[in-house]
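**Q** I'd like to ask you about the structure that follows.
The values are calculated or read from the model by the stated rules, or taken from the named source; none is laboratory data. Bear in mind the structure is a predicted one, so any value in this text is a computation, not a measurement. Because the Cβ atoms are built from the backbone with ideal geometry, glycine has one as well, and the counts that use them run over all protein chains shown. Protein only, heavy atoms only, side chains kept; ligands, DNA and RNA dropped before computing areas. Shrake-Rupley method; radii C 1.70, N 1.55, O 1.52, S 1.80 Å.
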Amino acid sequence: MSYMQGVAAGPDGQLVVVDRNERTVTIFPRPELLLTCPKCGIAKYCDEDCQSARKYEQGALGPLCDLCPHTKELKDSSELRIQLEKLSRYVNEDILPDRAQLESLYGKTTCNCFAIHNLDLREIGVGLYPQAAMINHSCKSNCVSTFRGPTLQIRALVDIQPGEEVCYSYTEKGNVTHERRDELRKYFFECQCPHCLDTDRDAIMKSVKCPSCQGQVKPTSSDRYEKCSSCGFTDFTTEFYEDLEIYIHVEFDLLFRENCLVELDKILHPDNIHVVRILVGAFAASVKLEEWTKAIDYGKRLDRAFGLYLPPNEPDTGLLYYKMGKAYYHLDDIENAVTSLRKAKTLLSIAYGRDSQLVDYAQDWLELCGDYGSSSEEEETDSETSCPSS
C-alpha cells in the first residue's frame, strides 16, 4: 500500500481515495450503483468504462497494478534474494518474468497480504486482497478485517463520519508502541497514530505495583521505576528488576500460568500488558480444560484489560463474552450466562455480521439458557465490503 494514499468515507456513502496533497478521487460509487462481474459475481466496477478498462489489465495480475511494490526498500533484502533463489531452483527460468517484474510482484504480495483467520481468530493462511490493501493502518483503528472462508470483509467497528479516513490495524493492538512499530517495519513506515504518540498509554502497559503501598507505578521514558506517586517509595532494587525480567517472559501450561500470575501479581500492576498476555493464555487453557470457575475469574480480568487496550466492538472482546457465557452456563449461572452471551451476540454481529456463524452459535447458547429473544427485532442491512482473494 502506498503511503501517499488512504481510504475515506464520502458524504453519499461512496469510498474515496485521499492522497497526501489532499486531492480526492472517487473509486467506488454507492454500493447499489456498482456493476458486478458476470463471471465471478464478486468483483465490482464503477461503471461500464471502468469494467472495460480493467478487463485488459495483465490478466489475473491486473488487480495488483495499484499496489505499491516497495522495490527500492527491498533492493538489498536478504529475504527477497533467498526467495528468488528458491524460485529459480524449482521453476524453469524461461517461463519466469524478468527480475524487475519478480521483485515488483514480491513486494506487492509480501507487503499487502492479509492473515486469514478462523472463527477463533487463529491464523490458518494468507491471502492477497488488492482493494482492501489500499486501506491505511492505524493502531487506533475504526474497522476490522474478518473472514468468511477465503472472503475478506472490512467491517466498521464504530460510526465513521463522511470524510473520516477508514483505517484498520496491521499489527497486534495490545502491544506497546515499540513492539508495534517493530512489527510494522516490514511495511516500510513508522506509525504516528494517536496510540503510538500516547506515552501515558505505554506507561500504563508497563506499570508495576509499588512494593510499599501496592499502588500503580509507571516507568520513566527510559523504562526505569523511580518513585511511587502515591507513597513516595523509591527503593526499586536490582533484585526487583531481575524478578521482573524473569516473569514477563513465561508462557506454558495452565498450572504454570497460575503460578506465574501469583508471582506477577506481586510485582506488576493488573494493567501491565505482560499480565494481560498471561491472562489470555490462562483463560484459553481454562476453557479448553473446562475449568469453568477459573475461566470466569480470568475472563473478568481480561474484560477490564480489553476495555483499556482494544477498540470498541473488537472481535476479541466478543469472543471473550461468548466463552464466558458458556462458562457461566456450565456453572448453572444462567443469569450471567445470558448477560455475557447477549453482549457477545451484539459485538460479534458488528464484527462478523448478523448472519454469521458465530452469531448463530451465540443465539444457540442463548436458547439453551431459555432466552429466545426476537430475531426480527435485530434485522438490519449490514454495511460491509467483501473482497475476493487474488
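**Q** Among the listed residues 358, 347, 366, identify the single one that is under 17 Å from the mean Cα position of the chain (by Cα) and in contact (Cβ under 8 Å) with a residue 24 or more places away in the chain.
**A** 347
**Q** Something else about it: Could you count how many residues in the range 222-244 are exposed (fewer than 11 other Cβ atoms within 10 Å of the Cβ) and assigned to a helix (DSSP H, G or I)?
**A** Residues that pass the stated criteria total 3.
**Q** Residue check, residue 317 against (1) open to solvent by 30 Å² or more (accessible area, probe 1.4 Å); (2) polar (S, T, N, Q); (3) modelled with pLDDT of 90 or more, all met but one. Which one?
**A** If we test residue 317 against (1) open to solvent by 30 Å² or more (accessible area, probe 1.4 Å); (2) polar (S, T, N, Q); (3) modelled with pLDDT of 90 or more, just (1) comes out false.
**Q** So, one more: Answer with yes or no whether residue 129 is open to solvent by 20 Å² or more (accessible area, probe 1.4 Å) and among the aromatic types (Phe, Trp, Tyr).
**A** Here the answer is no, as residue 129 does not meet what is asked.
**Q** When you go through (1) open to solvent by 10 Å² or more (accessible area, probe 1.4 Å); (2) at pLDDT 90 or above one by one for residue 180, which number turns out not to apply?
**A** Of (1) open to solvent by 10 Å² or more (accessible area, probe 1.4 Å); (2) at pLDDT 90 or above, only one is false for residue 180: (1).
**Q** In addition: Quick check on the range 146-168: of everything there that is of a type in the set (Val, Ile, Thr) and open to solvent by 20 Å² or more (accessible area, probe 1.4 Å), which residue is farthest from residue 356 (Cα to Cα)?
**A** So, considering only residues that are of a type in the set (Val, Ile, Thr) and open to solvent by 20 Å² or more (accessible area, probe 1.4 Å), the one farthest from residue 356 (Cα to Cα) is 160.
**Q** Please specify each residue of the range 189-221 satisfying the condition of being in a helix (DSSP H, G or I), open to solvent by 60 Å² or more (accessible area, probe 1.4 Å) and closer than 15 Å to residue 308 by Cβ.
**A** Scanning the range 189-221 gives a single hit, 200.
**Q** So, in the range 107-126, how many residues would count as being open to solvent by less than 30 Å² (accessible area, probe 1.4 Å), closer than 25 Å to residue 76 by Cα and in a strand (DSSP E or B)?
**A** Count: 1.
**Q** Only residues that are open to solvent by 40 Å² or more (accessible area, probe 1.4 Å), aliphatic (A, V, I, L, M) and within 18 Å of the chain's Cα centre (by Cα): list them for the range 285-314, please.
**A** Result: 308, single match.
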